[in-house]
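Engineer: Sending over a structure as structure tokens; questions will come in a sec.
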Amino acid sequence: MTRSSANRSLVRSHRDDVRLWRTVSPWGVGILVVLAVMAPFHTSDFQNTIAVYAGVAAIGGMGLNLLTGFTGQVSLGHAAFLAVGAYTGAYLGQELELPLLLWLPGAALAGALVGAVVGPFALRLRGNYLAIITIGLVFIAQHVFANWTSVSGGQNGRSVTAPVAVGPVDFASLEVLGRSFTRDQGFVFLVWGLVGLVALTMKNLTRSRTGLAMQAVRDRDRAAEAIGVRLARYKVLAFVLSSSLGAMAGALHGSYQRYIHPGEFSLTVSITYIAIIVIGGIGIVFGPILGALFVTLVPRLIEEISPSLPFVSTDTAGGGFMTVFSLNQAIFGLLIVLFLVLEPRGLAAMWLRLRLYFRAWPFSY
Amino acid sequence: MTDFLQLCFAGLALGARYALVALGFVVIYKATGVINFAQGAFVALGAYLAFNFRQTWGLPFAVSLVLAVLVGASIGAGTERLLLHRMVGRPLFALIMMTVGILFVLNEVITWIWGQRTLNLGDPWGQDKVTVGDVVLPVKDLWTLGLAAVVLAGFFAFFRWSDLGLAMRATALDQEAAMARGVDVKRVFTLSWAVSAGVAALAGVTLAAGPAALSPGIWLIALAAFPAMILGGLDSPGGAVIGGLLIGVVQTLTAGYQPQHLPWLGESFHVIMPYVVMIAILMVRPYGLYGTKEVVRL
């Protein structure tokens, strides 16, 4: 049976419901991919830098979304997993001189292991208690990496020179058909390629049996248990997957930045990741991607416009004036509050509503 | 032995401050089920308000303290009215994130008004000390312990004997049942925020006492009070006090002895000691020492 494209959105069975390209045609996605590949040619290195950081945040954000958005376990410990990934990636890539295809999975594996150790906490503790204990993780990770000087370089941090080459393709100095690319352009391809890969994996995971079980745990864990979902398995699995993605993001962050120090992985980072999924759209696969772009872009925008604001100053000592950094923090907080009050399901929900409007046209309301 | 007593006393004084902050968490949590991440900002706000009244306006210290607590409490109540009120019936996670957002905004407003510098609160205690035997007791720590004890006694009296305290306890137990008995639940919510912010302001003033001890980083104390609150059990005021004192003493003792005896644990291990204690205790007792076990229905 062939289906016309107008019928795509019709849901007649569970199979239809979980179809991957239900509303988007593969053609549309194809065009988007081509545009994304073209983009780094036309942007400056500075813009590419922002794109890389946004991509890294999107990968980590999708990890947290799996845990918090799909499995309902609030974690403020994401920064700890980022740190584990960043230091593991740096150690494997630099001291052991492993290639990208080994140090990146290695970092993810280290994150998964730590996640597997932390995951069982979620079996014993619920809700608020879990959220606070994961704060403890962040402080403990920072302490460990500040003191384990042989690996981490201590409080002052360490350099990272992990190679970013897959076989003959070196993302740090990409050359295709005689044309050479800058390191930033190369990293945009690498990181956003991974974002696409992770998003596809997430989409597939959330529509699989495992993903449905996780969502059942989120909606009501006791009821899920009563219908035969093994709580222990899925809670720990969510922690493992989420922290391995966090670790991957951390490793990419380190290798791009070429330098990491323990202060980078503070509680604020965890909170930023929570903000990414809240602003992007919690429990929606592509939400964290939108959230990551938003959270990375807004501070730059404020830096751009702040010289024309009268109450912003570069003087940090006296009162009465605000620094650009303070303004950013305040606006960041304000955005979290506003999104929660006005649009609890975030940017992704805005997009979904817009799409519905056009799909239902001319009968939209 | 003198060292040990000295450290214990310092630990109790620190713990009393933790206890005050933790108590603020518990009051809001008991009434509304929300962990208020903005508590740290209210601590800082109280301290800066006191500075404003004492140093900028030149009021006597005691008056400044009382005013700071009152103004802090009304700002707390205002925040609840303005923002948290709209969130009734929304997922708890959203409410908690809301308080995180408030923390960010308030912190920056504070540095906007008073700047990043370290300030002098101008308290009457300063560096004064009393010597008992071989142990040196700073006067401000004695006052902190005294004030904390008075506040705690007031707390228990308020919850035990006043109508409002009863209403708050009833709301904490069962919101709908309390409403059905004529308790104004919304008022209880606002009041709990006011009480919590007021206690936070007091904690802030005792923290900022002493020469050049007031800086925007003061809100970080609230992060160290999390373990105190969790340790005692989220919904137990008595537990918050015991948790606070315990964490204070353990932390000070760690700071005193760990560098000599367990140097491999690393520099400034005492900073994360509260979290280590918290994780250890929660593994054994998942609802803290005195918390109510959650009953889950299908």
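Engineer: State whether one or more residues within the range B:70-87 are surrounded by fewer than 21 Cβ atoms within 10 Å (Cβ to Cβ), hydroxyl-bearing (Ser, Thr, Tyr) and within 14 Å of chain A (Cβ to nearest Cβ).
Structural biologist: There is no residue in the range B:70-87 that is surrounded by fewer than 21 Cβ atoms within 10 Å (Cβ to Cβ), hydroxyl-bearing (Ser, Thr, Tyr) and within 14 Å of chain A (Cβ to nearest Cβ).
Engineer: Have a look at A:212, A:245, A:194, A:241 and point out the one that is part of a helix (DSSP H, G or I) and either surrounded by fewer than 16 Cβ atoms within 10 Å (Cβ to Cβ) or over 15 Å from the mean Cα position of the chain (by Cα) (or both). Let's see the steps before the verdict.
Structural biologist: Values: A:245 fails: either surrounded by fewer than 16 Cβ atoms within 10 Å (Cβ to Cβ) or over 15 Å from the mean Cα position of the chain (by Cα) (or both); A:194 fails: either surrounded by fewer than 16 Cβ atoms within 10 Å (Cβ to Cβ) or over 15 Å from the mean Cα position of the chain (by Cα) (or both); A:241 fails: either surrounded by fewer than 16 Cβ atoms within 10 Å (Cβ to Cβ) or over 15 Å from the mean Cα position of the chain (by Cα) (or both).
Step by step, each of A:212, A:245, A:194, A:241 is checked, and only A:212 is part of a helix (DSSP H, G or I) and either surrounded by fewer than 16 Cβ atoms within 10 Å (Cβ to Cβ) or over 15 Å from the mean Cα position of the chain (by Cα) (or both).
Engineer: Next up: In the range B:112-127, is there at least one residue being in contact with a helix residue (DSSP H, G or I) (Cβ under 7 Å, 6 or more places away or on another chain), in contact (Cβ under 8 Å) with a residue 24 or more places away in the chain and surrounded by fewer than 14 Cβ atoms within 10 Å (Cβ to Cβ)?
Structural biologist: Looking through the range B:112-127, at least one residue is in contact with a helix residue (DSSP H, G or I) (Cβ under 7 Å, 6 or more places away or on another chain), in contact (Cβ under 8 Å) with a residue 24 or more places away in the chain and surrounded by fewer than 14 Cβ atoms within 10 Å (Cβ to Cβ).
Engineer: So, one more: Can you name every residue in the range B:91-104 that is surrounded by 22 or more Cβ atoms within 10 Å (Cβ to Cβ) and free of Cβ contacts under 8 Å to residues at least 60 places away in the same chain?
Structural biologist: B:97, B:98, B:101, B:104
Engineer: Then there is this: Against the condition buried (at least 16 other Cβ atoms within 10 Å of the Cβ), touching a residue at least 12 places away in the same chain (Cβ under 8 Å) and within 14 Å of chain B (Cβ to nearest Cβ), how does residue A:284 come out, does it pass?
Structural biologist: On the way: buried (at least 16 other Cβ atoms within 10 Å of the Cβ): yes; touching a residue at least 12 places away in the same chain (Cβ under 8 Å): yes; within 14 Å of chain B (Cβ to nearest Cβ): no.
Spelling it out, it is not the case that residue A:284 is buried (at least 16 other Cβ atoms within 10 Å of the Cβ), touching a residue at least 12 places away in the same chain (Cβ under 8 Å) and within 14 Å of chain B (Cβ to nearest Cβ).
Engineer: Which residues, counting only those in the range B:256-272, are farther than 17 Å from residue B:17 by Cα and more than 10 Å from chain A (Cβ to nearest Cβ)?
Structural biologist: Once the filter is applied, which keeps residues that are farther than 17 Å from residue B:17 by Cα and more than 10 Å from chain A (Cβ to nearest Cβ), the range B:256-272 yields B:256, B:257, B:258, B:259, B:260, B:261, B:262, B:263.
Engineer: A follow-up question, please. If you take the residues of the range B:214-235 that are part of a loop (DSSP other than H, G, I, E, B) and touching a helix residue (DSSP H, G or I) at 6+ places or on another chain (Cβ under 7 Å), which of them is nearest to the other protein chains (Cβ to nearest Cβ)? Outline the logic, then answer.
Structural biologist: Step one: of the range B:214-235, the residues part of a loop (DSSP other than H, G, I, E, B) are B:215, B:233-235.
If we keep only those that are touching a helix residue (DSSP H, G or I) at 6+ places or on another chain (Cβ under 7 Å) too, we end up with B:233-235.
Working: B:233: 10, B:234: 6, B:235: 10 Å.
Among those residues, the one meeting the criterion is B:234.
Engineer: Exactly one condition in (1) over 18 Å from residue A:341 (Cα atoms); (2) not in a helix (DSSP H, G or I) is not met by residue B:11; state its number.
Structural biologist: For residue B:11, the exception is condition (2).
Engineer: Given A:236, A:188, A:217, which one is more than 19 Å from the chain's Cα centre (by Cα), on the phi < 0 side of the Ramachandran plot and either in a loop (DSSP other than H, G, I, E, B) or crowded, with 23+ Cβ neighbours inside 10 Å (or both)?
Structural biologist: Values: A:236 fails: either in a loop (DSSP other than H, G, I, E, B) or crowded, with 23+ Cβ neighbours inside 10 Å (or both); A:188 fails: more than 19 Å from the chain's Cα centre (by Cα).
Of the residues listed, the single one that is more than 19 Å from the chain's Cα centre (by Cα), on the phi < 0 side of the Ramachandran plot and either in a loop (DSSP other than H, G, I, E, B) or crowded, with 23+ Cβ neighbours inside 10 Å (or both) is A:217.
Engineer: Report, ordered by the first and then the second residue, all pairs with beta carbons closer than 6 Å, sequence separation of six or more or different chains, a first member in the range A:178-191 that is touching a residue at least 60 places away in the same chain (Cβ under 8 Å) and under 18 Å from residue A:59 (Cα atoms), and a second member that is acidic (Asp, Glu) and surrounded by fewer than 20 Cβ atoms within 10 Å (Cβ to Cβ).
Structural biologist: Short answer, once both residue conditions are applied: A:184/A:45.
Engineer: Also, quick follow-up: With a cut-off of at least 3 residues that are more than 17 Å from residue B:275 (Cα to Cα) and within 14 Å of chain B (Cβ to nearest Cβ), name the helices (runs of 4 or more DSSP H) lying wholly within the range A:87-164. Before you say what the answer is, go through the steps one by one.
Structural biologist: Details: elements: A:100-118, A:121-124, A:127-147, A:149-152.
By residue number, A:149-152.
Laboratory data are not the source of any read-out in this text; all were calculated from the coordinates shown. Every value quoted in this text rests on a predicted model; they were computed, and no experiment measured them. A quick note on method: Cβ atoms are made from the backbone with ideal geometry, for glycine too, and the neighbour counts reach across all protein chains shown.
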